[in-house]
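Okay, so here's the structure we're looking at.
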Amino acid sequence: MKRFVIPVLACLAASPAAAQVADVLCDAEDRLERKLTLSYGAELTGRGLRAPDVVLEIWTVPETGKWTLVQSYANGQSCIVAMGEAWEGLTLSGADGASKDL
């Protein structure tokens, strides 16, 4: 069994997914927000609680469709945990029938 597990673990450690984890960028919340808005033209599109002391935020650039997922902590630290493209905003209907843009 060890003969099989060790090579598999070695392959997983060298995978692109493992390398992407190391690419997480963290900074003070206000500096990261300035960088996203001023350097990239991103706008805060939505946010939600992940835990009592952790907020997830979606930042988007409407002109390009690029998006950034930021995880912010109560201690003032924020980290970019994912980035991508082809963002599509959705519209939901609330209980009152009114539509809400996401």
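Here is a yes/no grid of residues against (1) touching a Lys or Arg at 6+ places or on another chain (Cβ under 8 Å); (2) at pLDDT 95 or above; (3) surrounded by 12 or more Cβ atoms within 10 Å (Cβ to Cβ):
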{"position": "R3", "(1), (2), (3)": "no, no, no"}
{"position": "P7", "(1), (2), (3)": "no, no, no"}
{"position": "C11", "(1), (2), (3)": "no, no, no"}
{"position": "P16", "(1), (2), (3)": "no, no, no"}
{"position": "D23", "(1), (2), (3)": "no, no, no"}
{"position": "D53", "(1), (2), (3)": "no, yes, no"}
{"position": "E57", "(1), (2), (3)": "yes, yes, yes"}
{"position": "T60", "(1), (2), (3)": "yes, yes, yes"}
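For (1) out of contact with any Ser or Thr (no Cβ under 8 Å at 6 or more places or on another chain); (2) part of a loop (DSSP other than H, G, I, E, B); (3) within 14 Å of L32 (Cα to Cα); (4) free of Cβ contacts under 8 Å to residues at least 24 places away in the same chain, each residue gets a yes or a no:
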position	(1), (2), (3), (4)
R50	yes, no, no, yes
E57	no, no, yes, yes
E63	yes, yes, no, yes
Q71	no, no, yes, yes
E88	yes, yes, no, yes
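Failed condition for E85, given (1) surrounded by 10 or more Cβ atoms within 10 Å (Cβ to Cβ); (2) closer than 21 Å to L25 by Cα, with all others met?
Here E85 meets the rest and fails (1).
Can you work out which of the residues in the range 25-45 that are surrounded by fewer than 14 Cβ atoms within 10 Å (Cβ to Cβ) and of a type in the set (D, E, K, R) is nearest to T91 (Cα to Cα)?
Of everything passing the filter in the range 25-45, E43 is nearest to T91 (Cα to Cα).
Looking at this structure, is G48 modelled with pLDDT of 95 or more, loosely packed, with under 10 Cβ neighbours inside 10 Å and among the small types (G, A, S)?
Yes: the conditions hold for G48.
The values are calculated or read from the model by the stated rules, or taken from the named source; none is laboratory data. Quick caveat, the model's predicted, so the values are computed rather than measured. Positions of Cβ are generated from backbone atoms using ideal geometry, with glycine treated the same way; all protein chains shown enter the neighbour counts.
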